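This report concerns only the one structure given below.
Please treat every number below as a calculation from the coordinates, not as lab data. Being a predicted model, the structure only gives us computed values, none of them experimental. Ideal geometry is used to build each Cβ from the backbone, glycine not excepted, and the neighbour counts take in all protein chains shown.
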Amino acid sequence: MENKQNGFPIIMVIIAVIVGSGLYREFDFETFRFRKVGLGIVYLITFVAAIIMIVRSRIVKR
């Protein structure tokens, strides 16, 4: 028997939305830079990792 998880990874979606909104607020559109570079990089890495996990879980289920 295979143990498959059914459903959408809602926790990762919530994390992606929260971190994405923080990333959006941290970015300065007038200068096209992050206000705090270190925090912006951490937000970006976390956001990309959450999106990759969401996509990977959708691909594996097929």
**Q.** Other-chain or far-sequence residues with amide H under 5 Å of residue 34's (modelled H)
**A.** 28
Q | Full-stretch length increase - residue 11, residue 39 - with 0.36 nm per residue and alpha-carbon distance subtracted | A | 7.9 nm
(Q) Sort 32-45, 12-25 by packing, meaning the average of other beta carbons within 10 Å per residue, with the highest value first. (A) 12-25, 32-45
Q.
Report the rotationally averaged projected area of the chain based on its alpha-carbon convex hull, in square nanometres.
A. 4.9
